[in-house]
Amino acid sequence: MARLRKRIRSDGGVSYQVNWVLGGGRTGTAPEQSETFTSRDGAVRFKRAVERSGHKWPVAWVRGRGYVRLANDGSAMSLTFGDVADAYFSYRAGLVEQGRSTPIELESDRQRYVRHLEPTFGAMSFIEIGSDVVEDWIDTQLGDEVPTVSVRVRFRLLRTVMTYGQVEMRLRSDNPCESLINVVPSRSTGP
């Protein structure tokens, strides 16, 4: 289990350090890792992310910098939707290990992501996805005569991944899916 320690800095300020044994286990059985934060909330969120990642560094986290994606030259790039989805599915795998979700649910959502979300959103910059892009995707799904129940299930997964990036990874302050909840009809409308 990861630990959170409050520390007093030499300048009198407060910092919060998250410590954990890489891969889990007791101190001394594997290398111990740490990350330091100036805010307690940030430290608590990171501690949860470490625990959900199986006591490994969370996907796309760079020590001292936070969630980033690195270009070939080492400079920071914006994370893609695919990067956030990877982090989300790592979190979900942790829920399966804790018995709070089933492997079948996880695999169904992964397949749904690969088939229906990744082709459109996977390579897009997470912070640049807007409600117009999401609405166009919904319109395309409905225009292709996909049953509305399927579009709702796909949209729910899209909204969940966007929420994970917004709330857990703190990559953006809004979720473009929230304004579109009522765009997908609640049931098929036929003649």
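Readers should treat all values here as calculations from the given coordinates under stated rules, not as data from a laboratory. Keep in mind that this is a model prediction, so the values were computed, not measured.
Quick one: Debye curve from the alpha-carbon atoms of the chain only, equal weights, vacuum; give me log10 I(q)/I(0) at q = 0.11, 0.14, 0.18 Å⁻¹ to two decimals.
-0.59, -0.87, -1.24
Determine the relative contact order of the chain: mean sequence separation of Cα pairs under 8 Å and six or more apart, normalised by residue count, in whole percent.
On the way: 238 pairs, mean separation 27.7, N = 191.
Relative contact order for the chain comes out at 15 percent.
Using 0.36 nm per residue, how much length does the chain from ASP144 to ARG110 gain when fully extended, once their Cα-Cα distance is taken away?
Values: separation 34, 0.36 × 34 = 12.24 nm, distance 2.20 nm.
Between ASP144 and ARG110, full extension yields an extra 10.0 nm.
Using only Cα atoms, find the angle between the long axis of helix 148-163 and the longest principal axis of the chain, and express it within 0 to 90 degrees, rounded to the nearest 10.
The angle comes out near 20 degrees.
Quote to one decimal, in nm, the extra length available between VAL44 and SER78 on full extension: 0.36 nm per residue of separation minus the C-alpha distance between them.
Working: separation 34, 0.36 × 34 = 12.24 nm, distance 2.34 nm.
This chain segment gains 9.9 nm when fully extended.
Give me the extension gain from ARG172 to ARG156: residue separation times 0.36 nm, minus the current Cα-Cα distance, reported in nm with one decimal. Can you show the working numbers first?
Values: separation 16, 0.36 × 16 = 5.76 nm, distance 1.86 nm.
My answer for the length gained is 3.9 nm.
Rounded to two decimals, what is Rg over Rh for region 96-191 when you use alpha-carbon atoms and the Kirkwood radius?
Result: Rg/Rh = 0.98.
In degrees from 0 to 90, rounded to the nearest 10, what is the angle of the helix 131-143 Cα long axis to the longest principal axis of the chain?
For helix 131-143, the angle is close to 40 degrees.
Counting pairs of alpha carbon atoms under 8 Å apart in space and at least six apart in sequence, what relative contact order in percent does region 3-58 give?
32 percent
Tell me the relative contact order for region 78-180 as a rounded percent, counting alpha carbon contacts under 8 Å between residues six or more apart. Before the final figure, lay out each step's value.
Values: 80 pairs, mean separation 34.2, N = 103.
For region 78-180, the relative contact order is 33 percent.
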